[in-house]
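So the structure is just underneath, and the comments pick up after that.
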Amino acid sequence: MIRYILRRILMMIPVMLGVTLIVFTMMYITPGDPAQIILGDNATPEAVAKLRAEMGLDDPFLVRYFRFVKDLLRGDLGICYATKQPVFDRLIQTFPNTVKLAAFAVVVSTIMGLSLGIISAAKQYSLFDNIAMLLAMMGNAMPNFWQGLLLMLVFSLWLGWLPASGFSSFKHMILPALTMGTSSAAVLARMTRSSMLEVIRADYISTARAKGQTEFKVIMHHAFRNAMIPVITTIGLQFGRQLGGAVLTESIFAIPGVGKMMVDAIKARNYPVVQGGVLLIALSLSIVNLVVDILYAYIDPRIKSQYK
Amino acid sequence: MERGRLRLIALLLCAVFLLVGCGGSGGETTTENGEAAPARDTLIVGMDREPAGLDPASSHVTTAVMIFNNIYDTLLAFDTDMQIQPRLAESYEQLDDVTYKFNLRKGVKFHNGEELKSSDVLFSFKRLYDIPAAQGQVDMIDPNGFECPDDYTFILRTKEPWSALPAQVCSSYMNILNEKAVTEAGEDYNRNPVGTGPFKFVSWTPGDSIVVERFDDYWGDKAILNKVVFRIITETTSRVIDLESGGLDIALAVGVTDVERLQNNPDFELIQFTHTGIRYGAFNCSKEIFSDKRVRQALNYATDVDTIFNVLYDNGLGAMRADSPVIPLLPGRNTDLPKYEYNPEKAKELLAEAGYPDGFSVEYNYLANTTNTRLGEMLQAQWAEVGVELIMSPLESATLTAALNAGEHDFCTANSTYALGDTIEGLYSFFHSSMHGTSRCRAFLSSPEIDALLDEARVEQDEERRLELAYKIQELIHEEAPWIYIAYEYYNVGLKSDVKGFVPAPNSAHDFSKVYIEP
């Protein structure tokens, strides 16, 4: 198991290198001169040329890329063009908010998705099942930015229950977490339902029922645990998706997270911040995937035996 | 029984969600720390952009200018009618063509307790020569022409006679900093500003808010509010919903689509004002086709600006129809210019005279957004009637700016602000041939006559004569027709109806010291 984890961690190195190459290339080919952006439209061409030289922007692509990777290995992600702060510091300031939001969104989606999925499976083709699956389809189809505005309109403007934006208290997290959680809940509900239905039809469930166990025990103890593998994968993937997908939600709800920072940075062509943000999200996704794989082993001993 | 338990679990889960969802009222205002805001002496303002820094020499988005104006003071300042008023300088006098003497107020305190002295003014101006983004602000001022005869007198000299010096001193780049505070903070000064303004800086939570509080030792009338929280909400719709749901007292930069709704709601007030910008279409006069003024005039006649204006600005809800290159706020605006009324026949005649009886093709370089695209499509249809084909060529922002600065475009549209809030300086930056290649010069006009008059007006000290020249220059520009004037766009601010004393500043330097919340 330890060997497997180490191997997976080592495999993350080429993945992250690939990400750096893609991100750096994208920023390299994006039009716009960072020196001009930093100095503004009123700067003299001489000042721009001087800054370009100082920043090494006149060097060839490969020289710049290797310098970027070298700096990265030293933990230097560059300087934010706008605030002149190290990008690393900006990520440290914003990442906890994104993680908090993503985690809360996963909790929301897990509770909603699992409960809807289990009940739908237990009551297949009932009215509840049909309505739940219809809602799940809608939840998955609704774009986040639209859903966010809709929730804001209802819960902030009409009902006045929750604040429309900001991130200073628990109350501020509810609407963004619901916005992000709903679509994940929809995926999770459908996944749980189909996974549960497969298991419910298995012989050992009939055996459990034949033994006179209560329906609750049959569903929760026998069916649910065995239906969990694909569900855990989905929850893990959803967490990764939430980390990356918080971009729009954070902008709508004015949450000072990595996503909002990246949107603002893209608008301002603040390349180091965009690069830093993408790298951080890519790294987080890799780690989340690894954690999900490790979790399998604990849920299903059969998988553990395959990890060598 | 089993079904009952399942139902019970489902009900409990629903209850948890309802409790989470409904816990407490969300309308109350909170500070950045999540504490309940102290009653009604804290104002919460929603702004559309986060400043990059609070060093006046670095960041100049409109929201930064607004915050500077509340933390810092300049020697002179524009009032809300764009008239120059004394601020840290009690008075000033012009000693000769190039020398200005400023008499500083005594007993002015910085937020760190230091007293304002002329050496601080000297420090604040001199450092601008070392900051590339600010160098343009002092290129008319002689770096060796500063003097501090005593602690309360400051003398500066321009490189050559320049009548816009007082307006330049009002620029937010020229805010007065405390030398000790800047030196001590070093690199961190950008996020720890110290000024002499009515509010002092408290905190900045990146991406979330900037907080300032009343400075009790302010030299002028003390601010009424105890605290102002500037929240960063970049999405326009979210900002307005936050205002309407009680999270904000003021929402800046309200979108046109929300104007009517706020106007019709008695709980809110909507203030509309024109700022220092004008939207126009610019022909690149350095291109062969547009070097002939008859072609430019022809396309002015071929353009039905009224229709374009009504479509783009919701029949005037979002802007004022432009009829001169000078914005309504500024003195010397020539309102007697004859209109280029929509007249395709006359346009065809002029094109034939200029040697283009069958028309021609030109490219429209623009930033792909809704306004520019709709504008281009309407121009395309209108100009097609006189045989001119407009090829739409959307570009990404940085590429577009580079192309426009290099003069590679045939035709473009822009929304430009008036440099220094001064009529002559604005016209100079738009139309003087020495400004080709700079960010405000999009028409690349080369008219020796206009250049000469602008040069004369730029050094003219007599205000009346200056305005006469401005009037004449506008006539000539109108005749040359390098622009199609479209609109003076409104800036919309939404306020709760109990917020009083807010007077918008056309240059975005809104003053919050007079604002209060009615009990």
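The values are calculated or read from the model by the stated rules, or taken from the named source; none is laboratory data. Here the structure is a predicted model, which means the values were calculated and not measured. No Cβ is skipped: glycine too gets one built from the backbone with ideal geometry, and neighbour counts run over all protein chains shown. What goes into the accessible areas is simple: the full protein's heavy atoms, side chains included, and nothing from ligands, DNA or RNA. Shrake-Rupley method; radii C 1.70, N 1.55, O 1.52, S 1.80 Å.
Name every residue in the range B:355-376 that is among the aromatic types (Phe, Trp, Tyr) and assigned to a strand (DSSP E or B), in order of residue number.
The first filter runs over the range B:355-376 and keeps only residues among the aromatic types (Phe, Trp, Tyr), leaving B:356, B:360, B:364, B:366.
Once the filter is applied, which keeps residues that are among the aromatic types (Phe, Trp, Tyr) and assigned to a strand (DSSP E or B), the range B:355-376 yields B:360, B:364, B:366.
Of all residues in the range A:254-271 being within 7 Å of chain B (Cβ to nearest Cβ) and touching a helix residue (DSSP H, G or I) at 6+ places or on another chain (Cβ under 7 Å), which is farthest from residue B:233 (Cα to Cα)?
A:269
Mind checking which residues of the range A:266-286 are touching a residue at least 24 places away in the same chain (Cβ under 8 Å) and among the aliphatic types (A, V, I, L, M)?
Result: A:268, A:273, A:274, A:278, A:279, A:280, A:281, A:282, A:283, A:285.
Is there a residue being touching a residue at least 12 places away in the same chain (Cβ under 8 Å) and within 12 Å of chain A (Cβ to nearest Cβ) anywhere in the range B:217-225?
No - not one qualifying residue is present in the range B:217-225.
Pairs under 9 Å by beta carbon, first residue at the interface with chain A (Cβ under 7 Å from one of its Cβ atoms) and farther than 23 Å from residue B:509 by Cβ in the range B:227-244, partner open to solvent by 10 Å² or more (accessible area, probe 1.4 Å) and among the small types (Gly, Ala, Ser), six or more apart or different chains?
Matching pairs, first to second residue: B:237/B:255; B:241/B:247.
Return the residues of the range B:75-123 that are in a helix (DSSP H, G or I) and small (Gly, Ala, Ser); say none if nothing qualifies.
Selection gives B:118, B:119.
Which condition number in (1) under 21 Å from residue A:152 (Cα atoms); (2) open to solvent by 10 Å² or more (accessible area, probe 1.4 Å); (3) touching a Leu at 6+ places or on another chain (Cβ under 6 Å) is the one that residue B:251 fails?
Condition (2) is where residue B:251 drops out.
Please name all residue pairs, on different chains or six or more residues apart, with Cβ atoms under 8 Å, provided the first residue is in the range B:129-149 and is away from every other protein chain (no Cβ under 14 Å) and the second residue is among the small types (Gly, Ala, Ser) and open to solvent by 40 Å² or more (accessible area, probe 1.4 Å).
B:148/B:119
Within the range B:157-168, is there a residue that is more than 30 Å from residue B:231 (Cβ to Cβ), within 22 Å of the chain's Cα centre (by Cα) and among the charged types (D, E, K, R)?
No, the range B:157-168 contains no residue that is more than 30 Å from residue B:231 (Cβ to Cβ), within 22 Å of the chain's Cα centre (by Cα) and among the charged types (D, E, K, R).
Here is a list: B:290, B:273. Which entry is surrounded by fewer than 17 Cβ atoms within 10 Å (Cβ to Cβ) and not polar (S, T, N, Q)?
B:273
Taking the range B:378-402, which residues are open to solvent by 50 Å² or more (accessible area, probe 1.4 Å) and away from every other protein chain (no Cβ under 14 Å)?
Passing the criteria: B:380, B:381, B:384, B:385, B:389, B:391.
Out of all the residues in the range B:292-322, which are under 20 Å from residue B:374 (Cα atoms) and part of a loop (DSSP other than H, G, I, E, B)? Working first, answer last.
Residues of the range B:292-322 that are under 20 Å from residue B:374 (Cα atoms), as a first pass: B:299-322.
Residues satisfying the conditions are B:302, B:303, B:304, B:313, B:314, B:315, B:316, B:317, B:318, B:322.
Return the residues of the range B:173-199 that are hydroxyl-bearing (Ser, Thr, Tyr) and open to solvent by less than 10 Å² (accessible area, probe 1.4 Å); say none if nothing qualifies.
B:189, B:196
Working only within the range A:150-175, note down all residues that are assigned to a helix (DSSP H, G or I) and crowded, with 17+ Cβ neighbours inside 10 Å. Write out each step before concluding.
Step one: of the range A:150-175, the residues assigned to a helix (DSSP H, G or I) are A:150-158, A:170-175.
Scanning the range A:150-175 gives A:151, A:152, A:155, A:156, A:157, A:171, A:172, A:173, A:174, A:175.
Among the residues of the range B:403-423, which ones are in a loop (DSSP other than H, G, I, E, B) and away from every other protein chain (no Cβ under 12 Å)?
B:407, B:408, B:409, B:410, B:418, B:422
Specify the residue that is modelled with the lowest pLDDT; the eligible residues are those in the range B:210-238 that are assigned to a strand (DSSP E or B) and open to solvent by less than 20 Å² (accessible area, probe 1.4 Å). So that I can check it myself, show each step before the final result.
Here is the first cut: in the range B:210-238, the residues assigned to a strand (DSSP E or B) are B:210-214, B:227-232.
Pick out the ones that are also open to solvent by less than 20 Å² (accessible area, probe 1.4 Å) and you get B:210-212, B:228-230, B:232.
Numbers: B:210: 95, B:211: 96, B:212: 97, B:228: 97, B:229: 96, B:230: 96, B:232: 92.
Here the answer is B:232.
Return the residues of the range B:323-354 that are over 15 Å from residue B:281 (Cα atoms), more than 21 Å from the chain's Cα centre (by Cα), touching a residue at least 12 places away in the same chain (Cβ under 8 Å) and assigned to a loop (DSSP other than H, G, I, E, B); say none if nothing qualifies.
Across the range B:323-354, the qualifying residues are B:334, B:335, B:337, B:338, B:339, B:341, B:342, B:343, B:354.
If I go through the range A:157-205 residue by residue, how many of them are closer than 30 Å to residue A:217 by Cα and polar (S, T, N, Q)?
6
Provide a single number: the residues in the range B:353-370 that are out of contact with any Asp or Glu (no Cβ under 9 Å at 6 or more places or on another chain) and open to solvent by less than 50 Å² (accessible area, probe 1.4 Å).
So the count comes out to 1.
Within the range A:133-168, count every residue that is more than 10 Å from every other protein chain (Cβ to nearest Cβ) and small (Gly, Ala, Ser).
Residues in the range A:133-168 being more than 10 Å from every other protein chain (Cβ to nearest Cβ) and small (Gly, Ala, Ser): 3 in total.
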